Amino acid sequence: MCGRYHFSAELLDEIRDLTEQKDWKLELGVLDRDIHPGDTAPVITAAGDQGGSLRACRQKWGYPGPGGKGLVFNARSESVFEKRMFRNSVSQRRAAVPVSWFYEWNKNKEKFTFTKEGSRILFLAGFYGRYEDGDRFVILTTQANASMAPVHSRMPLVLEREQVREWILDSKKTKELLGQEPPRLARDCEYEQQTLF
């Protein structure tokens with residue numbers, strides 16, 4: 001599960017280097033805050049007809065829920081191709097969500113922050129759909145690895161920086177990347193009881 005993450009303004013340089021986008025600041029704006037489902041945030045996608053390049057843009061986090069109720073903001077990597085709501089998007093419109101860190105709560109409602117050791121950026125695998133009010137993204141989750149399992153049984157599907165281009169542009173690699181175990185993450189506990197939203 002991934003229900004909240006942080007985007008720091010310092011990530012803009014990392015995104016620019018990956019996308020080689022000249023107008024990146026104008027399109028993304030400057031953020032330095034927690035991102036919740038329903039918020040608009042930067043994502044990295046294919047640049048369309050520009051021959052295998054990447055672009056950064058802003059999209060809303062979460063698909064409208066069934067019957068227009070609530071938001072669907074996560075999808076299980078193991079079953080994403082079986083779900084009609086997700087199948088076309090994950091096949092044709094994959095995205096990477098750049099984050100500084102993400103949060104998870106254990107069963108005692110203790111809040112943990114997860115980061116990537118030795119890096120100021122994490123790339124979460126996702127995909128997006130087209131809606132009347134604009135493009136919306138969903139973050140993929142997978143079985144928790146050893147660094148996450150003591151806190152929660154699920155975690156975001158984390159990509160290495162060098163996998164971002166493959167994830168977004170190479171459909172032949174999609175199922176392989178969906179099945180990989182994410183890298184080990186560092187965690188800190190804030191030792192206070194928090195509610196999720």
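The values are calculated or read from the model by the stated rules, or taken from the named source; none is laboratory data. Everything numeric in this text was worked out from a predicted model, so none of it was measured. Cβ coordinates were reconstructed from backbone atoms using ideal geometry, including for glycine residues, and neighbour counts include every protein chain displayed. What goes into the accessible areas is simple: the full protein's heavy atoms, side chains included, and nothing from ligands, DNA or RNA. Shrake-Rupley method; radii C 1.70, N 1.55, O 1.52, S 1.80 Å.
Worth pointing out:
- For the chain, accessible area per residue (1.4 Å probe, heavy atoms of protein chains only), Å²: 50 Å²
- For the chain, the carbon plus sulfur part of the accessible surface works out to 44%, probe radius 1.4 Å.
- Gyration tensor analysis over the Cα atoms of segment 73-119 returns equivalent ellipsoid semi-axes of 27, 16, 8 Å (largest first, whole Å).
- Size descriptors for segment 2-187, from the alpha-carbon set: Rg then Dmax equal 15.4, 49 Å.
- Within the shell defined by Cβ-Cβ distances under 15 Å, the residues around Ala125 carry a net charge of +2, with Lys and Arg each +1 and Asp and Glu each -1.
- For the residues Lys60, Lys111, Lys83, a GNM of the chain with alpha-carbon springs under 10 Å puts the largest fluctuation on Lys83.
- For the chain, a simple Cβ point-charge model (Lys and Arg +1, Asp and Glu -1, everything else neutral) yields a dipole of about 660 debye relative to the Cα centre.
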